[in-house]
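Heads up, the thing below is written out as structure tokens.
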Amino acid sequence: MISENIKRIKSGIPNHVTLVAVSKYQSLEDTIAVLDAGVYDLGESKVQDFIKKYEVLGDRPRWHFIGHLQKNKVKYLIGKTFLIHSVDSIELIDVIERESKKQGITTDVLLQLNLAREDSKSGILVENLDEVLSIIPGCQFVKVKGLMAMGPFTQNNDKIRKIFVELKRIYDRIKEESVDTAIQMDYLSMGMTDDYTIAIEEGSNMIRVGRKIFS
Ligand SMILES: *Cc1c(COP(=O)(O)O)cnc(C)c1O
């Protein structure tokens, strides 16, 4: 039961951690059940699916876009998302800036890092992060609000923890060094069904949970 799953998850996490219910692949009915259970942060990973749900639910939820984002689809998201978690290139930032400017709207984003360096994952490699950050002060309509990463594909908790510790360290470093108001470290989006407990122990304040809510 969705509402019971949510209750169980919420009772196990601290108040300062935002639970994003990853409603990707879920029916409209099950997505609405999440709202009825009192969780208004929803994560979607396909633009097409998001649009369908947005047409019905509008701005009642806070929409989080968490999937790989193609540049030609950016225009469908602008003005509708609370956060885009999956920003992973300068080219994508340029497009978000341009489309946001067209609509006179600022778009809050997280930069996705590929810390596990897995080819199957998108995300910025750590050695390229400063270059990506350097273009943000030149943007008027894109604000960076934090970082997102996925843990590595492994059952080895030490390896998972190591990645989360590294992400937290980078987050803290940017927080300390950034003097530009367009770069604010408010959200550290890490942790999914299998690893959110470790992520919270290592400083996550936003977890993205799918299977544990919907199964
Ligand atoms: C699917 C997905 C999640 C949720 O994963 P679960 O293991 O189902 O909790 C979280 N983050 C991203 C980026 C995803 O694609």
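The values are calculated or read from the model by the stated rules, or taken from the named source; none is laboratory data. Here the structure is a predicted model, which means the values were calculated and not measured. Every residue, glycine as well, gets a Cβ built from its backbone with ideal geometry; the counts of neighbours run over all protein chains shown. In case anyone asks, the SASA skips ligands and DNA or RNA and just uses the protein heavy atoms, side chains included. Shrake-Rupley method; radii C 1.70, N 1.55, O 1.52, S 1.80 Å.
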Please determine, by comparing only the residues of region 181-197 that are of a type outside the set (Phe, Trp, Tyr) and open to solvent by 50 Å² or more (accessible area, probe 1.4 Å), which one is modelled with the lowest pLDDT. 181
The one condition in (1) at pLDDT below 95; (2) open to solvent by 40 Å² or more (accessible area, probe 1.4 Å) that residue 121 fails to fulfil: (2)
Selection within region 134-149 - open to solvent by less than 20 Å² (accessible area, probe 1.4 Å) and in contact with a helix residue (DSSP H, G or I) (Cβ under 8 Å, 6 or more places away or on another chain): 136, 139, 142, 144, 146, 147, 149
Looking only at region 33-45, which residues are within 16 Å of the ligand (Cβ to nearest atom) and surrounded by fewer than 15 Cβ atoms within 10 Å (Cβ to Cβ)? none
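Per-residue answers, yes or no, for (1) hydrophobic (A, V, I, L, M, F, W, C); (2) within 16 Å of the ligand (Cβ to nearest atom); (3) under 16 Å from the mean Cα position of the chain (by Cα); (4) surrounded by fewer than 19 Cβ atoms within 10 Å (Cβ to Cβ):
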residue	(1), (2), (3), (4)
21	yes, yes, yes, no
65	yes, yes, yes, no
69	yes, yes, yes, no
78	yes, no, yes, no
86	no, yes, yes, no
96	yes, no, yes, no
104	no, no, no, yes
Here the qualifying pairs (Cβ atoms under 6 Å; residues six or more apart or on different chains; first in region 46-68 and under 15 Å from residue 22 (Cβ atoms) and among the charged types (D, E, K, R); second open to solvent by less than 40 Å² (accessible area, probe 1.4 Å) and part of a loop (DSSP other than H, G, I, E, B)) come out as 46/67
Criterion (open to solvent by 100 Å² or more (accessible area, probe 1.4 Å) and either closer than 26 Å to residue 87 by Cα or of a type outside the set (S, T, N, Q) (or both)) met by exactly one of 49, 30, 59: 59
